[in-house]
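Engineer: Sharing a structure here in structure tokens format.
Read-outs throughout are calculated quantities, based only on the coordinates presented, and are distinct from any laboratory measurement. Please read all numbers here as calculations on a predicted model, not as lab measurements. Cβ placement follows ideal geometry from the backbone for every residue including glycine, while neighbour counts extend to all protein chains displayed.
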Amino acid sequence: MNAIECAREHEVVAVVMSGRWPEACDPELREHASACAVCRDVVAIAPALREDLRRADVQVPAAGQVWWRAAIRARADAARDAARPMIWLQALTGAGAAGLALAGVSMLWPRVQGMLQFAPFGGSTFQEALPLVLAVGIGVVAAPIAYFLAVPRD
Amino acid sequence: MAEWTLSDVERLSALNEADRTFQMSEEAFRSFYELTSRPVWLYLARITGDPRLADDLLQEAYYRFLRTTTRFESDDHRRNYLFRIATNLAHDNRRRSRFTAVPVDEAESVVVAESESADQVARRLDVTRAMSQLKPRERSLLWLAYAQGASHEEIAATMGLKRSSMKTLLFRARRHLVAALGSTPAKAGRS
């Protein structure tokens, strides 16, 4: 049966971490490691990983640079968090204005239709162009709102 | 009288924000960073297999660490918490982008000391190559256990695993690495 752990594994790891493996460690522990399947695997990989950590050529940014980047990002995050309720308010206002405009159009629509019947230039031409006129009108109103909401502000 | 530029105002504002939201002073951060940045970067580079990604994740890990509201009981707790953030970032990134690990150029990253024998260098190269064949979680486990020397409790806390399942996972990871070591080109060449 394969054991998945050994009571002396921590001891072996500690010796490897301290750099005493294999020459400077207790010979009895060396004997154990060669006989125990778990510890044999540990000493096959741990010294190399430890050396990799000790000797790898690592170029990390300076502490001050990391600190300042974090501070600047914290400021940007705080500004964004502070602006979030205002953006929601703006979106709600925009939606409310659009709703009011639609309600107004639907209320006035019968009267507009009645007026069109007596229009001198002929009702059918104007009725054909009405969707386009409405689309342009909504675009004129909505475009500045959309731009205002979409463009980030400091 | 000194002139205030926008940059000065921004810097001052960032400094105030840092004082308000960061859990440690700049001075304390500098000492903590000096102790931890190298092992954390190497850990990220080894588990992602991408040194450039490790650069980005390192900055993000320290940012999240600075903004945490967790109260730390000891330096070890603080360090383990940072490793936990790094682990989560690496795993989140993998899930999000499904990156394919680019094996680290071992020849570049293995620095040879005069005191090291050719055999020791080759062994380290073998282990680095073999590690790149393992699953990221296995790499994390092995790196924490045998490069950092973390205890089973610390590894379980760092990786969000139960201690009982962690032992089995560590055992499997170890077996996989030993098996992969048997098939690395350098090893095959020597034998």
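Engineer: If packing is taken as the mean number of other Cβ atoms within 10 Å per residue, what is the order of B:15-22, A:94-101, highest first?
Structural biologist: B:15-22, A:94-101
Engineer: A further question on this structure: Per q in 0.09 Å⁻¹, report the Debye log10 I(q)/I(0) for the protein assembly as shown, using one uniform scatterer on each alpha carbon and no solvent.
Structural biologist: Per q value, in the given order, log10 I(q)/I(0) is -0.65.
Engineer: Convert each backbone phi in region A:132-139 into a coupling constant with the Karplus relation 6.51 cos²θ - 1.76 cosθ + 1.60 (shift: θ = phi - 60°), then list the ³J(HN,Hα) values in order as whole Hz, x for Gly and Pro.
Structural biologist: Residue by residue, region A:132-139 yields 5, 4, 5, 4, 5, x, 5, x Hz.
Engineer: Which ³J(HN,Hα) values, rounded to whole Hz and listed in residue order, are derived for region A:52-67 from phi using the Karplus coefficients 6.51, -1.76 and 1.60 in 6.51 cos²θ - 1.76 cosθ + 1.60 with θ = phi - 60°, glycine and proline given as x?
Structural biologist: So the Karplus estimates, Gly and Pro as x, are 4, 5, 6, 10, 4, 7, 10, 10, 9, x, 5, 4, x, 5, 5, 4 Hz.
Engineer: I need the calculated FRET efficiency for the pair B:Q120 and B:T168, taking r as the beta carbon distance and R₀ as 45 Å, to the nearest 0.05.
Structural biologist: 0.90
Engineer: Averaged over its residues, how many other protein chain Cβ atoms are within 10 Å of peptide B:61-72's Cβ atoms?
Structural biologist: 2
Engineer: For the protein assembly as shown, which cysteines have no second Cys with its Cβ under 4.7 Å from theirs?
Structural biologist: That list is A:C6, A:C25.
Engineer: Just to be sure I understand: if I project the alpha-carbon convex hull of region A:9-55 onto a plane and average over all orientations, what area do I get in nm²?
Structural biologist: 2.9
Engineer: Give me the percent relative contact order of region A:9-55, please, defined on Cα pairs under 8 angstrom at least 6 residues apart.
Structural biologist: 46
Engineer: So for chain A, averaging the separation of alpha carbon pairs under 8 Å that are six or more residues apart and normalising by length, what relative contact order in percent results?
Structural biologist: Relative contact order, chain A: 18 percent.
Engineer: Of all alpha-carbon pairs in chain A, indicate the percentage at a distance above 21 angstrom.
Structural biologist: Every Cα pair in chain A considered, those over 21 Å come to 72 percent.
Engineer: Using θ = phi - 60° and the Karplus relation 6.51 cos²θ - 1.76 cosθ + 1.60, list the HN-Hα couplings for region B:163-179 in order, rounded to whole Hz, with x at every Gly or Pro.
Structural biologist: Karplus values, whole Hz, x for Gly and Pro: 4, 5, 6, 4, 4, 5, 5, 5, 4, 5, 4, 4, 5, 4, 5, 4, 5.
Engineer: To continue, here is another question. Per-residue mean of other chain beta-carbon atoms within 10 angstrom of the beta-carbon, peptide B:135-143?
Structural biologist: Mean shielding count: 1.
Engineer: Just checking the output field for B:117-129: average partner chain Cβ neighbours within 10 Å of each residue's Cβ?
Structural biologist: The mean count of partner-chain Cβ atoms within 10 Å per residue comes to 3.
Engineer: In whole angstrom, how far apart do the alpha carbon centroids of region A:2-38 and region B:1-80 sit?
Structural biologist: 37
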